[in-house]
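Below: the structure, in structure tokens.
The values are calculated or read from the model by the stated rules, or taken from the named source; none is laboratory data. In this text, all values refer to a predicted model and were calculated from it rather than measured experimentally. We place every Cβ from the backbone using ideal geometry, glycine too, and count neighbours over all the protein chains shown. All accessible areas refer to the heavy atoms of the entire protein, side chains included, with ligands and DNA or RNA removed. Shrake-Rupley method; radii C 1.70, N 1.55, O 1.52, S 1.80 Å.
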Amino acid sequence: TKLASWHLLRHCRDAEEAEAIACREGVHLALRWPDAPMILESDCHSMVAKLRANVRDRSSIWQIIEEAEEVGGQLRRLELVKISRVQNNLVHELAQFSITSRESQCFFACFPE
């Protein structure tokens, strides 16, 4: 089973914040099935590293990361996977569309094993 969703972000500082919000929302969505092992994929290396580090940093998004970690801790198993942009092609295409249409959107997916 694959889960995916999107929504419009009206106020977003940069791509890293959008990715952090997407990861947080993905983990919230996965919480509907807390006993199923989940895989959260991201093509953003810094985001995967921050989620894996499990430490507070000085970035402007640390609160978003912290919330994602707290919610992820309620899941039986959550694996964070860094994928290439090519592997994340659909999300990349949707993001490019949002740029050309001048809308900031947030896309995320969770993949149960």
Accessible surface of segment 44-86 [probe 1.4 Å, protein heavy atoms]: carbon and sulfur percent: 48 percent
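How large is the charge dipole for segment 1-78, taken about the Cα centre, if only the Cβ atoms of Lys, Arg (+1) and Asp, Glu (-1) carry charge, to the nearest 20 debye? Could the numbers behind the result be given before it?
Numbers: 11 positive and 13 negative charges, 32 e Å.
That gives segment 1-78 a dipole magnitude of about 160 debye.
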Amide H partners (placed H, <5 Å) of Asp43, local residues excluded: Ile83
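Would you kindly state how much longer the chain becomes between Arg10 and Ala36 on full extension, computed as 0.36 nm times their sequence separation minus their alpha carbon distance, in nm to one decimal?
Working: separation 26, 0.36 × 26 = 9.36 nm, distance 3.19 nm.
Length gained, Arg10 through Ala36: 6.2 nm.
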Distance in nm between pseudo-label sites at Gln74 and His45 (7 Å out along the Cβ direction from Cα): 3.3 nm
Distance (nanometres) between label positions extended 7 Å along Cα→Cβ at Ser60 and Lys82: 2.3 nm
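Of the peptides 22-32, 65-75, how do they stack up when ordered by the mean number of other Cβ atoms within 10 Å, highest first? The partial results should precede the final answer.
Working: 22-32: 21.2, 65-75: 17.3.
Packing proxy ranking, top to bottom: 22-32, 65-75.
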